[in-house]
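Have a look at the structure below before the remarks.
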Amino acid sequence: MTKKVLHIITGLNDGGAEGVLTRLCLHRKKVQPVVISLMNDGKYGPLLAQSGIAIHCLGMNPGRPSVRRFFRLVRLIRKEQPDVVQTWMYHADLLGGIAARLAGVRSVFWGIRHSTLEKGKSKRSTIMIARLCALLSSWVPDKIICCAKKAQDVHADIGYSARKLRVIPNGYDLSRFRSDAAAGAKVRAELGLGSNDFIIGNVGRFDPLKDHFNLLQALARVAECKIPFRCLLIGKGLSPDNVDLVKNIAELGLQDSVLLVGQRSDVPAVMNSLDLHVLSSLSEGFPNVLAEAMACGTPCVSTDVGDALEIVGDQEACCPARDSRALAEVIIKLAREKQHSPSAWQARKITSSDRIAEKFSIKAMVEAYEACWFPAACDENR
């Protein structure tokens with residue numbers, strides 16, 4: 001008999017948790033998924049609905065919780081009668097977890113995506129809700145699924161029930177994220193980039209935690225070393241109307257080297273257009289963009305945040321956050337490798353894609369979630 005899993009998430013706009021939830025639903029094996037968004041249907045709601053998955057949107061304002069909508073959530077959970085409720089991120093963990101218990105659901109699982117909870121890096125309200133969840137973690141959830149080992153450690157340290165914490169890494173659809181030279185060449189041609197240009201890229205929304213200014217400072221150092229490159233900044237808010245960003249680029253003399261692309265829907269093609277993807281973040285949980293780039297055969301450089309090193313698998317390709325000099329040194333090293341050692345560069349590309357296929361497939365992620373939700377059923381099938 002098919003089990004019903006009800007997912008509760010804050011919203012369905014573009015983001016790591018939203019993408020993982022969507023992949024989990026679309027590639028499920030033994031469950032019937034239903035999704036409740038506390039806010040709206042965002043980017044992923046229509047995609048899920050087109051695949052026949054029931055979507056409910058409550059229209060909540062995340063900054064001003066509604067008692068009426070909360071009890072509507074409780075009634076909706078009772079109506080759906082799920083075997084399991086899986087919540088995603090702090091607001092949904094708190095509201096969705098309590099609502100599920102009030103609705104009589106016996107199996108409730110929380111989902112954690114943050115790996116940093118520090119003043120100045122996370123919102124004060126986010127830290128407060130996380131600490132409230134920590135107090136409730138012994139009562140509300142059966143298990144707490146973290147996307148990264150760093151996230152598990154951080155939340156155990158602030159008081160989450162350590163015995164309930166589990167790590168399930170994100171998984172990726174390797175039929176979408178794969179090497180595709182033709183798709184990459186098409187993106188380059190569209191953006192006016194040459195086939196022999198050294199293209200650096202950074203995919204991710206404009207946000208203080210992504211630390212694009214650190215990346216730009218590193219690129220200025222790369223330019224000083226007379227290494228020719230073009231850098232694509234891709235994501236929400238990374239467009240020419242971002243006045244502060246444009247000003248910073250000009251002040252560093254990078255206006256001819258950095259291209260503000262904005263948000264795009266063809267991320268696999270974009271990843272294939274890059275020679276090197278650079279993550280410059282201050283904080284991450286399990287940075288999806290690294291795995292997505294590597295699955296396409298694009299080597300990565302990253303600040304050592306969250307589980308970035310676990311994904312990249314190369315300590316020499318990682319450096320401390322907020323250190324533009326160290327970031328520049330790693331970029332320069334790999335740029336010179338591509339220029340002077342084509343065979344080593346090709347081996348790096350193959351190693352990148354092989355690592356994701358071996359460690360972070362969507363099949364492994366789906367099986368891990370379903371085994372966590374229904375351990376008895378999985379034991380019977382062995």
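All of the numbers you see were taken from the coordinates with simple rules; none came from a lab. Everything numeric in this text was worked out from a predicted model, so none of it was measured. Every residue, glycine among them, receives a Cβ derived from its backbone with ideal geometry; neighbour counts consider all protein chains shown.
Taking amide H positions as modeled 1.01 Å from N, with prolines and chain starts lacking one, the residues under 5 Å from Val167 and 5 or more places away or on another chain are Cys146. Phi-derived couplings, Karplus 6.51 cos²θ - 1.76 cosθ + 1.60 at θ = phi - 60°, listed residue by residue for the stretch 78-91: 4, 5, 6, 6, x, 6, 9, 10, 10, 9, 9, 6, 4, 4 Hz, with x used for Gly and Pro.
Among the listed pairs Lys29/Lys210; Lys123/Lys150; Lys43/Lys338; Lys164/Lys363, a Cα-Cα separation exceeding 29 Å is found for Lys29/Lys210; Lys43/Lys338. Multiplying the residue separation of Ala182 and Ser265 by 0.36 nm and removing their Cα-Cα distance gives an extension gain of 28.2 nm. Centroid-to-centroid, using Cα positions, the stretch 37-54 and the stretch 334-356 are 38 Å apart. Candidate cross-link partners of Lys149 among the aspartates and glutamates, defined by an alpha-carbon separation under 14 Å and a same-chain spacing of 8 or more, comprise Asp157, Glu284, Asp304, Asp307, Glu310. Working note: Karplus 6.51/-1.76/1.60 with θ = phi - 60° gives the stretch 216-232 the couplings 5, 5, 5, 5, 4, 5, 4, 4, 4, 8, 6, 9, x, 7, 10, 10, 9 Hz, where Gly and Pro are set to x. The 3J(HN,Hα) values that the Karplus relation (6.51, -1.76, 1.60; θ = phi - 60°) gives for the stretch 141-147 are, in residue order, x, 6, 9, 10, 9, 9, 7 Hz. Gly and Pro appear as x.
With N set to the number of residues, divide the alpha-carbon radius of gyration of the stretch 38-125 by 2.2 N^0.38 Å and report two decimals.
That works out to 1.17 for the stretch 38-125.
In the chain, the longest principal axis of the Cα atoms and the axis of helix 124-136 are about 40 degrees apart.
Restricting the trypsin sites (Lys or Arg not before Pro) of the stretch 10-47 to loop positions (DSSP other than H, G, I, E, B) with no more than 14 neighbouring Cβ atoms within 10 Å leaves Lys29.
The relative contact order of the stretch 155-238 comes to 32 percent, based on Cα pairs under 8 Å that sit 6 or more residues apart.
If I take all pairs of Cα atoms in the chain, what percentage of them are more than 41 Å from each other? So the portion of pairs separated by more than 41 Å is 15 percent. Would you please give the residues with an amide H less than 5 Å from that of Lys4, counting only those at least 5 places away or on a separate chain, with H modeled from the backbone geometry? For Lys4, the qualifying residues are Gln32, Asp83, Val84. Loop-located trypsin sites (Lys or Arg not before Pro) in the stretch 210-269 (DSSP state not H, G, I, E or B) with no more than 11 neighbouring Cβ atoms inside 10 Å: Lys226.
Considering only the other residues whose Cβ falls under 11 Å of the Cβ of Leu102, what net charge follows from Lys and Arg at +1 and Asp and Glu at -1?
So the environment of Leu102 carries a net charge of +3.
Annotation: Cα Rg of the stretch 181-359 relative to the compact-globule expectation 2.2 N^0.38 Å equals 0.93.
Distance from the Cα centroid of the stretch 210-257 to that of the stretch 121-153 is 34 Å (rounded to whole angstrom).
Computed from the C-beta positions of Asp197 and Gln315 and an R0 of 30 Å, the FRET efficiency is 0.60 to the nearest 0.05.
What is the calculated FRET efficiency for Glu337 to Leu102, with r their C-beta to C-beta distance and R₀ = 41 Å, to the nearest 0.05? Using R0 = 41 Å, I get an efficiency of 0.10. Near the amide H of His56, within less than 5 Å, lie the amide hydrogens of Val35, Ile36, Ser37, all on another chain or at least 5 residues away, with H placed in the peptide plane. Counting only DSSP H runs of at least 4 residues, each contributing -39500 (n - 2.57), and dividing by the residue count of the chain, the helix-based mean residue ellipticity at 222 nm comes to -13500 deg cm²/dmol. Remind me, relative contact order of the stretch 181-359 in percent, using alpha carbon pairs under 8 angstrom and six or more residues apart? Answer for the stretch 181-359 is 23 percent. Test of understanding: extend the Cα→C-beta vector of Ile227 to 7 Å, then name every residue of the stretch 345-361 with backbone N under 18 Å from that spot. Those under the cut-off are 345-349. Each Lys or Arg adds one and each Asp or Glu subtracts one; over the other residues with Cβ under 9 Å from the Cβ of Pro141, this totals 0.
Between Val243 and Phe213, the modelled labels are 1.6 nm apart [label points 7 Å from Cα along Cα→Cβ].
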